[in-house]
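Written below as structure tokens is the structure these notes are about.
The values are calculated or read from the model by the stated rules, or taken from the named source; none is laboratory data. Computed from a predicted model, the values in this text were never measured in an experiment. Because the Cβ atoms are built from the backbone with ideal geometry, glycine has one as well, and the counts that use them run over all protein chains shown. Side chains are part of the model used for accessible areas, which takes the heavy atoms of the whole protein and leaves out ligands, DNA and RNA. Shrake-Rupley method; radii C 1.70, N 1.55, O 1.52, S 1.80 Å.
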Amino acid sequence: MLPPKVPAPTPASGRAVVVDVHAGSFHVPQVTLPNATAARRINRQLLRLLLEYSDQVDSMASPHQQVRQASRACCYDAEAKSWMAAGEGMTGTQYDVLLNQDNILSFSFTKDYNGLTALESEHLTFDLRTGRALLLADVIADPPAQLQRRLRAAIDRRLGAEMDRIALEYQDTATLTYVADEVFDWDRRTRHARATSNPAWPAIGDFALTPGALWLFYPIRARRLDIPFLPDGTYRFPYPRVKPRGLLVPVAQAATKKH
């Protein structure tokens, strides 16, 4: 006698059901929504983002088949008929669901290369009604130049605090000079990043949404040897400090009520 079929989970109003499709070290989210067209649009974008660097993945195959193909392409030695310890090229993907409410779904993604997790993350935020990827201007009404100035000030404060920590911990002028010049591009006299003189810095493109805050990013591109010096590259702006618009308004209102 066959076991009874378990019904698929039903999405709650304004939310998506997120299913983990995985093989080896590859984990890719796929969603279920009342609007099947919107779900297909989101799922295609998720697969494309996470598997676009593997030329041995058949984009016409099912999500499970694509993930298995990516895992095998990087990490299986066909001649030896064995799995490699680390693999080559893109060797894994991970994700976190940052927000799933009020018709907004926001993800954070990381990728592994040659067995090592990349230092930078990527982010996608969707309108669950349409499946369209949202832009920052769709959910935040603050002028871009104003957000840029606020992010620049936040970066300077964080790098300044990190320089103070390094000076106290290492008490080594050579280390302090190396971090300031080679890692942070930092002017210790003005306590500003030297890039401050560039009006286009920092570029604001990547963003994410959580139940309580807008996240903007400034990852410092450095060598793995410099990881002990790297501060958090995520800058959190609580919704009362920005101007939510559109779909984000109910999320911001809910966050305000909790506090």
Number of the condition not met by Val67 [criteria: (1) more than 26 Å from Val139 (Cβ to Cβ); (2) open to solvent by less than 20 Å² (accessible area, probe 1.4 Å); (3) aliphatic (A, V, I, L, M); (4) modelled with pLDDT under 90]
(4)
Does Met90 fit the bill of being free of Cβ contacts under 8 Å to residues at least 40 places away in the same chain and surrounded by fewer than 14 Cβ atoms within 10 Å (Cβ to Cβ)?
no
Of all residues in segment 93-126, which are open to solvent by less than 20 Å² (accessible area, probe 1.4 Å) and over 29 Å from Ala16 (Cβ atoms)?
none
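This table checks each residue for (1) open to solvent by 50 Å² or more (accessible area, probe 1.4 Å); (2) farther than 18 Å from Gly131 by Cβ; (3) touching a Leu at 6+ places or on another chain (Cβ under 9 Å).
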| site | (1), (2), (3) |
| --- | --- |
| Leu51 | no, yes, no |
| Pro63 | no, no, yes |
| Cys74 | no, yes, no |
| Glu79 | yes, yes, no |
If Ala137 satisfies all but one of (1) surrounded by 14 or more Cβ atoms within 10 Å (Cβ to Cβ); (2) out of contact with any helix residue (DSSP H, G or I) (no Cβ under 6 Å at 6 or more places or on another chain), what's the number of the condition it fails?
(1)
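Among the residues of segment 81-105, count how many are out of contact with any His (no Cβ under 7 Å at 6 or more places or on another chain) and either of a type in the set (Ser, Thr, Tyr) or farther than 23 Å from Gln69 by Cα (or both).
As a first pass, look at segment 81-105 and keep what is out of contact with any His (no Cβ under 7 Å at 6 or more places or on another chain): 81-92, 96-105.
Add one more test, that the residue is either of a type in the set (Ser, Thr, Tyr) or farther than 23 Å from Gln69 by Cα (or both), and what stays is 82, 91, 97-105.
Of the residues in that region, 11 qualify.
Considering only segment 38-46, I want to know if a residue exists there that is over 22 Å from Leu136 (Cα atoms), surrounded by fewer than 16 Cβ atoms within 10 Å (Cβ to Cβ), of a type outside the set (A, V, I, L, M, F, W, C) and in contact (Cβ under 8 Å) with a residue 60 or more places away in the chain. Give the steps one after another, and end with the answer.
Keep residues of segment 38-46 that are over 22 Å from Leu136 (Cα atoms), which gives 40.
When the remaining residues are screened for being surrounded by fewer than 16 Cβ atoms within 10 Å (Cβ to Cβ), the result is 40.
Checking the rest, the ones that are also of a type outside the set (A, V, I, L, M, F, W, C) come to 40.
From what is left, the residues that are in contact (Cβ under 8 Å) with a residue 60 or more places away in the chain are 40.
For segment 38-46, residues over 22 Å from Leu136 (Cα atoms), surrounded by fewer than 16 Cβ atoms within 10 Å (Cβ to Cβ), of a type outside the set (A, V, I, L, M, F, W, C) and in contact (Cβ under 8 Å) with a residue 60 or more places away in the chain: present.
Of all residues being charged (D, E, K, R) and touching a helix residue (DSSP H, G or I) at 6+ places or on another chain (Cβ under 9 Å) in segment 183-193, which is modelled with the lowest pLDDT? Just the residue, please.
Of the residues in segment 183-193, the ones charged (D, E, K, R) are 185, 187-189, 191.
After this cut, where a residue has to be touching a helix residue (DSSP H, G or I) at 6+ places or on another chain (Cβ under 9 Å) as well, the list is 185, 187-188, 191.
On the way: Asp185: 92, Asp187: 90, Arg188: 85, Arg191: 89.
Selected residue: Arg188.
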